[in-house]
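As structure tokens, the structure follows; a few thoughts come after it.
The values are calculated or read from the model by the stated rules, or taken from the named source; none is laboratory data. Please read these numbers as outputs of a predicted model, since none were measured by experiment. Note: ideal-geometry Cβ built from the backbone for every residue, glycine included; neighbour counts use all protein chains shown.
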Amino acid sequence: MLPKINQTMYIQTETDTEPLTLRSRVADVDNQNIYIEIPLDEKSRKLYRTQTGEKLQVYFFTQEGVKHLFPSVVTGYRKEAVNLVAIRKPELEEITKDQRRSYLRVEANLELAVRIGEKLRFLAITEDVGGGGVSFTCERNRPIVQNGVLTCWLLLNYKGGTIAHAKFEGEVVRVLPIEPDKNLIMMRFQDIADSDQQKIIRFCFERQLDNRKD
């Protein structure tokens, strides 16, 4: 199972003292290389500058939600309208399945109702969602701190016009300033019903399929 064109890929660096998790997308494939868009650092939201010869650990999700991993290395660059990074195409026997529970995450701007404590409520917009958590932006003056717990209601828009809501409690794992007056809040699910989690996973798979068609 090799990654396909337009498929989202996640990359972990091996050369940094603190490994980074990057996100990219497959733009082209040939016999020797996979050509990906310039990766985005998921924490800083900045583009990551790779180096020729840099070793990487790469993973991607199949349509069924199975995580596949393989080692690779940056082999060069290809200049087009959008510059691409070339990484070594793995042999099939180098690709392994991750049997641990892991979830696909997709970029999505969805409406999220947030409650802090019993009184403070506000609306936010997600940056990405997945079966294991969500990230959203909000004004910096909101009293949100790392390790805090928020009660949330997520509005999901499926293909065909159907709508669903998913309720969950999420633990804040990171608060990252991204603009002069905004923070990016990264959460993982602490308490969510299986039925609501499946709604989110279904949305992620639909969005991944749509991205492949773009």
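Here are the numbers for the structure shown:
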{"read-out": "Which listed residue, of Phe70, Phe122, is closer than 27 Å to Arg207 by Cβ, outside any loop (DSSP other than H, G, I, E, B) and not assigned by TED's automatic domain parsing to the domain that holds Lys55", "value": "Phe122"}
{"read-out": "The one condition in (1) buried (at least 17 other Cβ atoms within 10 Å of the Cβ); (2) among the hydrophobic types (A, V, I, L, M, F, W, C); (3) closer than 18 Å to Lys182 by Cβ that Leu154 fails to fulfil", "value": "(3)"}
{"read-out": "Residue check, Phe205 in contact with a Gly (Cβ under 9 Å, 6 or more places away or on another chain), under 28 Å from Arg25 (Cα atoms), outside the structural domain of Arg25 (by TED's automatic domain parsing) and assigned to a helix (DSSP H, G or I)", "value": "yes"}
{"read-out": "Lys159 being of a type in the set (Lys, Arg), exposed (fewer than 13 other Cβ atoms within 10 Å of the Cβ) and closer than 25 Å to Thr8 by Cβ", "value": "yes"}
{"read-out": "The stretch 2-24 residues that are more than 14 Å from Pro71 (Cα to Cα), paired with ones that are at pLDDT 85 or above and of a type in the set (A, V, I, L, M) (beta carbon under 6 Å, 6 or more apart)", "value": "Ile5/Val26; Gln7/Val26; Leu22/Ile11; Arg23/Leu40; Ser24/Met9; Ser24/Ile36"}
{"read-out": "Any chance Gln198 is in a helix (DSSP H, G or I), farther than 17 Å from Arg23 by Cβ and not assigned by TED's automatic domain parsing to the domain that holds Glu42", "value": "yes"}
{"read-out": "Members of the stretch 23-40 that are surrounded by fewer than 15 Cβ atoms within 10 Å (Cβ to Cβ) and either among the charged types (D, E, K, R) or part of a strand (DSSP E or B) (or both)", "value": "Asp28, Asp30"}
{"read-out": "Within the stretch 47-67, tally of residues that are basic (Lys, Arg) and either in contact with a strand residue (DSSP E or B) (Cβ under 7 Å, 6 or more places away or on another chain) or not in a loop (DSSP other than H, G, I, E, B) (or both)", "value": "2"}
{"read-out": "Residue count for the stretch 129-151, restricted to those that are polar (S, T, N, Q) and either surrounded by 13 or more Cβ atoms within 10 Å (Cβ to Cβ) or not in a loop (DSSP other than H, G, I, E, B) (or both)", "value": "3"}
{"read-out": "Residues of the stretch 1-46 satisfying the condition of being polar (S, T, N, Q) and out of contact with any strand residue (DSSP E or B) (no Cβ under 9 Å at 6 or more places or on another chain)", "value": "Thr17, Asn31"}
{"read-out": "Test: residue in the stretch 104-115 that is under 21 Å from Val29 (Cβ atoms) and among the small types (Gly, Ala, Ser)", "value": "no"}
{"read-out": "Filter result (among the charged types (D, E, K, R), assigned to a strand (DSSP E or B) and surrounded by 13 or more Cβ atoms within 10 Å (Cβ to Cβ)) within the stretch 73-119", "value": "Arg78, Arg88, Arg105, Glu107, Glu111, Arg115"}
{"read-out": "Single unsatisfied condition, Glu111 versus (1) out of contact with any strand residue (DSSP E or B) (no Cβ under 7 Å at 6 or more places or on another chain); (2) among the acidic types (Asp, Glu); (3) touching a residue at least 40 places away in the same chain (Cβ under 8 Å)", "value": "(1)"}
